[in-house]
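Below is one structure, written out as structure tokens, with a few remarks after it.
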Amino acid sequence: MYLKLVAAVLTGIIATAITATNAAAEAESRITILYDAFGSDSTMTKDWGFSALVEIAGKRILFDTGDNAEIFAANVKAKGVDLTKLDFVVLSHRHSDHMAGLSAVLSANPTVKIYAPKEGFGIYGSSLPSSFYRKDDSLPPDMRYYAGKPPEIMKFGAAWANAKFELIDQTTEIAPGITLIALVSDLPGTKELKELSLAVNTADGIVLVVGCSHPGIERIVEAAAAINPKIHLIAGGFHLVVAPDDAIAKVVTALKERFNVESIAPGHCTGEPTFAALKKAFGDKYLYAGLGTSIPLGASAGSAVRRGEGPINEDLATYRKLAAREDPFGVMRARMRLGSNL
Ligand SMILES: [Zn+2]
Ligand SMILES: [Zn+2]
């Protein structure tokens with residue numbers, strides 16, 4: 001009898017422990033917005049830029065670092081995020097509104113691995129085989145590069161000399177089910193800019209986190225769909241902040257009808273008219289993603305989510321002000337130069 005009781009109690013404890021573990025694993029799968037220009041969390045500071053803590057597939061990934069190290073550090077603190085406990089950082093591209101908070105990350109965690117796009121002579125460093133330049137043996141050594149004996153690989157420095165960058169040149173699966181999609185923008189103002197997007201293949205389909213989508217959100221989603229055609233969620237900036245209505249409508253239709261994207265959590269450079277268009281198209285599959293929001297992923301994604309809500313008017317006023325402050329994409333400049341709608 002006594003043994004039976006012990007066994008029953010133990011079974012109960014084990015069952016509770018398993019349930020708790022599952023719940024913890026589920027609760028840990030979420031995307032928390034740490035930097036953006038709209039949101040209703042009064043303990044955080046709104047500013048133009050993007051950063052999100054992506055807790056998924058058992059990993060804690062910091063995706064981008066915002067526009068200002070002090071604001072980033074304060075927002076991180078307000079949200080109780082521990083920067084010393086990161087598996088890695090992804091810097092989507094070299095624009096300051098995505099990477100200027102890196103110094104705050106490095107002061108908390110100097111040895112964290114940082115994935116960044118590999119670009120020739122970029123701020124994240126680069127390298128080239130010395131065979132890239134033409135040689136001339138007829139010159140005296142003191143007129144020749146490296147006296148005529150260059151290193152096999154020529155290395156070019158990063159703006160953060162001691163940071164542990166891992167430069168990504170092409171789409172790479174960096175951990176099981178976790179892929180960095182590398183694409184290059186071809187638009188005036190950001191031509192040749194390389195951008196990384198994070199695609200995680202989950203049981204529900206692809207969870208795709210985008211920074212600014214300079215190469216085009218459709219191209220990024222197309223690359224993600226090649227991994228798994230089921231696109232569960234897209235979060236981040238879609239880069240339609242100055243796009244005209246017809247361009248917005250085209251993207252919304254593609255996301256909805258061509259790619260059958262299930263849920264959408266747009267932020268940053270997506271743009272106000274695009275928030276409105278996506279909200280209309282996706283209804284309760286439009287997940288609010290303002291500054292400070294945690295979007296739960298997986299089976300636990302239910303009651304805690306603000307569905308079908310765009311940014312409120314007060315949010316949009318700040319968003320508008322910050323978006324007008326500068327031209328973070330070079331798009332407005334390019335538009336003026338070309339006298340056309342990009
Ligand atoms: Zn950008
Ligand atoms: Zn941006």
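The values are calculated or read from the model by the stated rules, or taken from the named source; none is laboratory data. Quick caveat: nothing in here was measured; it's all calculated off a predicted structure. Neighbour counts run over all protein chains shown; Cβ positions are idealised from the backbone, glycine included. In case anyone asks, the SASA skips ligands and DNA or RNA and just uses the protein heavy atoms, side chains included. Shrake-Rupley method; radii C 1.70, N 1.55, O 1.52, S 1.80 Å.
Give me the 1.4 Å probe accessible area per residue for the chain, excluding ligands and nucleic acids, in Å².
48 Å²
Taking residue 149 as the anchor, which lysines have their alpha carbon closer than 19 Å to its alpha carbon, excluding any fewer than eight residues away along the same chain?
Counting by Cα, and skipping residues close in sequence, residue 149 has these lysines nearby: 135.
For residue 260 and residue 128 in the same chain, what is the full-extension length gain: residue separation times 0.36 nm, less their Cα-Cα distance, in nm?
Here the answer is 43.4 nm.
For the pair residue 187 and residue 161, how long in nm is the line joining their label points, each one 7 Å along Cα→Cβ?
Each label point lies 7 Å from its Cα, and together they span 3.7 nm.
Could you name the aspartates and glutamates whose alpha carbon sits less than 16 Å from that of residue 285, not counting residues in the same chain fewer than 8 places away?
204, 257, 262, 309
Compute the Cα gyration tensor for the chain, then decide on rounded, prolate or oblate, letting a ≥ b ≥ c be the square roots of its eigenvalues: rounded whenever a/c is under 1.5, prolate when a/b is larger than b/c in the other cases, and oblate in all that remain. Walk me through the numbers before you get to the answer.
On the way: a/c = 1.95, a/b = 1.33, b/c = 1.46.
Cα axes put the chain in the oblate bin.
Give me the dipole magnitude in Debye, nearest 20, for the range 147-258 about the Cα centre, with unit charges on the beta carbon: positive for Lys and Arg, negative for Asp and Glu.
Working: 10 positive and 13 negative charges, 45 e Å.
Charge dipole of the range 147-258: 220 debye, to the nearest 20.
Label the range 98-214 by shape, choosing from rounded, prolate and oblate, from the square roots a ≥ b ≥ c of the eigenvalues of the Cα gyration tensor; if a/c is under 1.5 it is rounded, and otherwise prolate applies when a/b is larger than b/c, oblate when it is not.
It comes out prolate by the Cα gyration axes.
Going by average Cβ density within 10 Å per residue, which order do the peptides 273-280, 150-157 take, highest to lowest?
Per-residue Cβ counts within 10 Å, averaged per peptide and sorted highest first, yield 273-280, 150-157.
Which percent of Cα-Cα pairs in the range 238-285 sits in each 10 Å bin, short to long?
Pairs per bin, as whole percents: 29, 62, 9.
Return one quarter of the surface area of the convex hull spanned by the alpha-carbon atoms of the range 68-107, equal to its mean projected area, in nm².
Average projection, Cα convex hull of the range 68-107: 2.8 nm².
Rounded to whole Å, give me the distance from the Cα center of the range 112-153 to that of the range 194-224.
For the range 112-153 versus the range 194-224, the Cα centre distance is 32 Å.
Taking the simple approach of a point 7 Å from Cα along Cα-to-Cβ for both residue 77 and residue 284, what is their distance in nm?
That separation, rounded to one decimal, is 4.0 nm.
Looking at the square roots a ≥ b ≥ c of the eigenvalues of the Cα gyration tensor of the range 208-299, which shape do they give, rounded for a/c under 1.5, prolate if a/b is larger than b/c, or oblate?
rounded
With charges only on Cβ, +1 for K and R and -1 for D and E, what is the dipole size of the range 170-324 about its Cα centre, in debye, rounded to 20?
Dipole of the range 170-324, to the nearest 20 debye: 140 debye.
Can you list residues from other chains, or at least 5 along the same chain, whose modelled amide H is less than 5 Å from the amide H of residue 240?
270, 271
For a protection proxy built on the mean count of beta-carbon atoms within 10 angstrom, sort 226-232, 128-134, 216-222 highest first, please. Numbers along the way, then the final one.
Values: 226-232: 16.7, 128-134: 10.6, 216-222: 20.3.
Highest to lowest by the protection proxy: 216-222, 226-232, 128-134.
For the chain, what % of the accessible area comes from carbon and sulfur atoms, probe 1.4 Å?
56 percent
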